[in-house]
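A short worksheet on the structure shown next.
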Amino acid sequence: MPKQVDLKTIARDLLTKGKVEVFIGYQAASLPLAAAPLIIHGAKDSVDASQSMAPDAERDMMARKVAALIFDDRCEMNLVNYLHKFKDRKTAVVVKGCDSRSVVGLLQEKQVDRKNLVIIGAPCRGVVDRRHVAKLMGCDASREVDREGEHFRFQCAGSWKRVKVADAIYTACRECQVHNPVIADYWIGAPVPQPDLPELTAEMEALRKASPDHRWTRFHKEMSKCILCYACRNLCPACYCKTCFADACKPKWVGRTDDPSDAMLFHLQRLMHLGGRCTGCGACVRGCPMNVDLRLYNDHLRSHVKQEYGFMAGMDSAVHPPLAMYSMGDCNEFIR
Amino acid sequence: MMTREIRIIPLSEMPAFVGALMQGHKVLAPTRNDDGLCVFAWLAAPEQADWTCGIPQVPPKQAFLPRTEILFTYHREKGRETITPPPAPEPQIALGLHPCDVQAVKVLDAVFSAEPSPDQPYLARRAATTLIGRGFTEQDPLVFCRELGIDPMDNRDCDAFLVPLAGGQAEHTTSRMALEILTDKGVALRLAYDGFPKAGVEDLAAIAEARKQSAARGVPLLDMAVIQRRLENIFNSDLWNRIHEPCVGCGACAFLCPTCHCFDIQEEVMGQDGARVRVWDTCQFDLFTRHASGHNPRLSQKERSRQRIMHKFSYGVGKFHIPFCVGCGRCIAVCPAHNDVRQILKEISDFK
Ligand code: SF4
Ligand code: SF4
Ligand code: SF4
Ligand code: SF4
Ligand code: SF4
């Protein structure tokens, strides 16, 4: 098990000793219940963000940023996406259990170099779903919130309401199979217990048993919400193609009108591209401004990959993903 | 603006009023979708209009700039093309706009009526629209329209305006709306409001009091002139390296911004028939500025993030004398990286 360290201490150490050029972590955001990414440049950063700063001012800024680092149940963003930005630089990144699978995915696909990475693992019990909280409250109160021990308090239509922290986390967190990072150089907390979960969630069982008509209606409903902003794709650490099929314009492959068939085509194609690659990190779901429940379809996809190929994406960087490999023992003749 | 007349509509009667508006108009209003999320959407039934919504996450710009707008359709046969213009827009009402969303419509007006090529589809929709604003009393920590000089009780540029009034036993909850009729388009809604009583002396006092209270909540204004001048000088500054870093270029901020109006033109073709459509797009995407040659003048997120801020706070102010941001806070609410445009403005103001 990796060594347990203090977040700020390790960040300071890595940055000042020049062991990394960039440190990617979290800081409190300007809105309640939320954390924003915090990108810190070290003394030895070859492409420093503030080249024109005096060395003293630069050190000050680094120290201030290190002091602002946090990790708690507000830290929902999957920071692995930023690794694409700092590809050739020595980078440290804070990852939760789910996020760590995205790192493994990128290693498997040779998008990042392990030698350039320092992985700071953050064992995680789940992160807060602000929109779910607003729904539980029955008002848009997620913008005004207070924490009171194991509860959140909200001002809602003139009165205070309370909700248990445990009820406020994402569905994906409740179904999480990797609370503890699967890959890390350091851990910034003690491992958290991993509950035993059924192979298929109740929701997935129900969906699989449902009639095609029911599934179609549900799919149509979700897709009708989509405004094709592509935020889901842009947030997905596994969606890093230089030219996405959705952006192909010579010729154009998918339309972008408000006819639901355009959204369906986009999402179905994207799902196909994520078979055996989606780790279920939930970045797409959290980033969708329209609350499209992509989770349902990602889960469906992952459960099939597991069933057909016995493969879970982002668990072991030494194993090749099923759709990226070829075996003489394949049961299908056409592929041998 | 001269108020033509004021009617009082009890909250319980709002569906009747909205229902009457729906006679002969498409009505866009704040609604709550199945997830409980407030969005501006076209009403299918009068009860769908929701008066408890704050700033709906989806802005009202779709009334003027639909997500998909057919510019014309065509049919090709034997090398000949017939082009058919789309039908003229139906009369429509944009209902319940916060004064900042009304200001956003002014931004769109400025852009789409600019010479030398005023945008005909936009102007046709705009002309077919009656704007009914709505005053806001609640405070939302993400909304900073006051800092941009917009008073959430201001009825300017509206055809009619709803002032929420408290009263009866529940002192702080809205019990009725005062409907101010402000223009000829407003007067044209007479059939919908004629059944409601005219405002009495007490109502007039309550409206004046609501406006007074709102005005008393003044906040220090952001100095847009200073920000604009600063921006003109820092185009090549390192500051942008810092500002763009957390941005993943997802584009949600621009899609849901009430003033962002960038679009793409696409062809929807099936066999011999086709349509030229315009769809929402944003400067946050690589493809937006990629030339046919493959060259892209905005190569990385740095240039794209800079464009968003420049367009809103420098180019817009320079060319149209109006910032392309109205302080609605939507971009702050939806940004997955929690990029806060207020912090960016502060960094720019503080930058030496
Ligand atoms: S599709 Fe969504 S859940 Fe799957 S890896 Fe991408 S962002 Fe994560
Ligand atoms: S983020 Fe949501 S609205 Fe945007 S394209 Fe993805 S599913 Fe559609
Ligand atoms: S930039 Fe943000 S705050 Fe300003 S108008 Fe657009 S969405 Fe609203
Ligand atoms: S900020 Fe970007 S998307 Fe918005 S109007 Fe300006 S250029 Fe277009
Ligand atoms: S919503 Fe945030 S992350 Fe997405 S493009 Fe806008 S600023 Fe960048």
(request) Calculate the mean, over all residues of peptide A:73-79, of how many other protein chain Cβ atoms lie within 10 angstrom of the residue's Cβ. (result) 2
(message) For a test of the definition: using alpha carbon positions, the gyration tensor, and the 1.5 limit on a/c, classify region B:127-203 as rounded, prolate or oblate.
(response) oblate
(message) If each residue of separation counts as 0.36 nm, what is the full-extension length gain between A:Lys135 and A:Ser317 once their alpha-carbon separation is subtracted?
(response) 61.7 nm
(request) Give the shape of chain B as rounded, prolate or oblate, defined through the alpha-carbon gyration tensor: a ≥ b ≥ c are the square roots of its eigenvalues, a/c under 1.5 means rounded, and otherwise the shape is prolate if a/b is larger than b/c and oblate if not. (result) oblate
(message) Along the Cα→Cβ direction, 7 angstrom out, place labels at A:Lys8 and B:Gln139. What is the inter-label distance in nm?
(response) 3.1 nm
(request) Please list, or write none, the lysines whose alpha carbon is within less than 25 Å of the alpha carbon of A:Lys209, excluding same-chain residues fewer than 8 places away. (result) A:Lys221, A:Lys225, A:Lys306
(request) Take the Cβ-Cβ distance between B:Lys212 and A:Gln269 as r, set R0 to 51 Å, and report the resulting FRET efficiency rounded to the nearest 0.05. (result) 0.35
(request) Keeping the other protein chains in place, figure out the carbon and sulfur percent of the accessible area of chain B, with a 1.4 Å probe. (result) 55 percent
(message) Do any residues of region B:30-46 show a loss of at least 20 square angstrom of accessible area between the isolated chain and the full protein assembly, using a 1.4 Å probe, and if so which?
(response) B:Arg32, B:Asp34, B:Asp35, B:Leu37
(message) I'd like the distance between the alpha-carbon centres of region B:123-138 and region B:51-81, rounded to an integer number of Å.
(response) 18 Å
(message) Keeping all protein chains in place and using 1.4 angstrom, which order do B:Trp240, A:Trp160 fall into by accessible surface area, from largest down?
(response) A:Trp160, B:Trp240
(request) Beta carbons within 10 angstrom, averaged per residue: use that to sort the peptides A:276-286, A:12-22, B:181-191, highest first. (result) A:276-286, A:12-22, B:181-191
(message) Quick query: amide H of B:Leu71 versus all other amide H atoms, modeled in the peptide plane; which residues come in under 5 Å with a sequence gap of 5 or more or a different chain?
(response) B:Arg276, B:Val277, B:Arg278
(request) Give the peptides A:252-260, A:186-194 in descending order of average Cβ contacts within 10 Å, highest first. (result) A:252-260, A:186-194
(message) Applying a 10 Å radius around every beta-carbon, put B:323-335, B:222-234 in order of their mean neighbour count, most first.
(response) B:323-335, B:222-234
(message) Give me the inter-chain shielding for A:124-137: mean count of other chain Cβ atoms within 10 Å, whole number please.
(response) 1
(request) Please give the average number of partner chain Cβ atoms lying within 10 Å of the Cβ of each residue in A:285-296, rounded to a whole number. (result) 4
(message) For B:Glu5, what residues show an amide H to amide H distance below 5 Å, using hydrogens built from the backbone and excluding near sequence neighbours?
(response) B:Ile181
(request) Could you pull out every residue, at least 5 positions away or on a different chain, whose amide H is within less than 5 Å of the one on B:Thr130? Hs are placed 1.01 Å off N in the peptide plane, and Pro or chain starts have none. (result) B:Gln92, B:Ile93, B:Ala94
(message) Return the equivalent ellipsoid semi-axes of the protein assembly as shown as a descending list in whole Å, where each equals the square root of 5 times an eigenvalue of the C-alpha gyration tensor.
(response) 43, 31, 27
(request) Give the calculated FRET efficiency between B:Arg190 and A:Arg162 to the nearest 0.05, with a Förster radius of 56 Å applied to their Cβ-Cβ distance. (result) 0.70
(request) Report the accessible surface area buried between chains A and B, summing both sides, using a 1.4 Å probe on protein heavy atoms only, in Å² rounded to the nearest 100. (result) 4100 Å²
(request) Roll a 1.4 Å probe over the protein chains and send me the accessible area per residue for the protein assembly as shown in Å². (result) 46 Å²
(message) For A:Lys242, give me every one of the lysines with a C-alpha distance below 17 angstrom, ignoring sequence neighbours fewer than eight places off in its own chain.
(response) A:Lys85, A:Lys87, A:Lys110, A:Lys250, A:Lys252, B:Lys302
(request) Determine by what factor the alpha-carbon radius of gyration of region A:199-322 differs from 2.2 N^0.38 Å, reporting the quotient. (result) 1.08
(message) Only bridges whose two residues both fall in the protein assembly as shown count here: according to DSSP, what percent of them are antiparallel, nearest 5?
(response) 70 percent
(request) Could you pull out which residues in region B:175-209 have an amide N less than 12 Å from a spot 7 Å beyond the Cα of B:Ala16, following the Cα-Cβ vector? (result) B:193-197
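Can you give the Kirkwood hydrodynamic radius of chain A from its Cα pairs, in Å with one decimal?
Evaluated on chain A, it is 21.7 Å.
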(request) May I ask you to derive the FRET efficiency for A:Val192 and A:Ala67 from their Cβ-Cβ distance with R0 = 22 Å, giving the value to the nearest 0.05? (result) 0.30
(request) Could you check the simple spin-label distance between A:Arg114 and B:Ile265, using points 7 Å along Cα→Cβ, in nm with one decimal? (result) 5.3 nm
(message) Report the Cα centroid-to-centroid distance between region B:303-334 and region B:211-273 in angstrom, as an integer.
(response) 3 Å
(message) What whole-number distance in Å separates the alpha-carbon centres of region A:170-208 and region A:73-152?
(response) 14 Å
(request) Could you work out how far apart the two model spin labels at B:Arg229 and B:Thr183 are, taking each label as a point 7 Å from the Cα in the direction of the beta carbon, and quote it in nm? (result) 3.5 nm
(request) Divide by every residue of chain B the summed helix terms, -39500 (n - 2.57) for each DSSP H run of at least 4, and state the resulting mean residue ellipticity at 222 nm, rounded to the nearest 500 deg cm²/dmol. (result) -8000 deg cm²/dmol
(message) At a cut-off of 10 Å², which residues of region B:61-79 become less accessible once all protein chains are present than in their chain alone, using a 1.4 Å probe?
(response) B:Arg67, B:Thr68
(request) State the percent of C-alpha pairs, over all pairs in region B:224-350, separated by a distance greater than 26 angstrom. (result) 24 percent
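The values are calculated or read from the model by the stated rules, or taken from the named source; none is laboratory data. Because the structure is predicted, anything quoted here is derived from the model rather than measured. Positions of Cβ are generated from backbone atoms using ideal geometry, with glycine treated the same way; all protein chains shown enter the neighbour counts. Heavy atoms of the whole protein, side chains included, go into the accessibility calculation; ligands, DNA and RNA do not. Shrake-Rupley method; radii C 1.70, N 1.55, O 1.52, S 1.80 Å.
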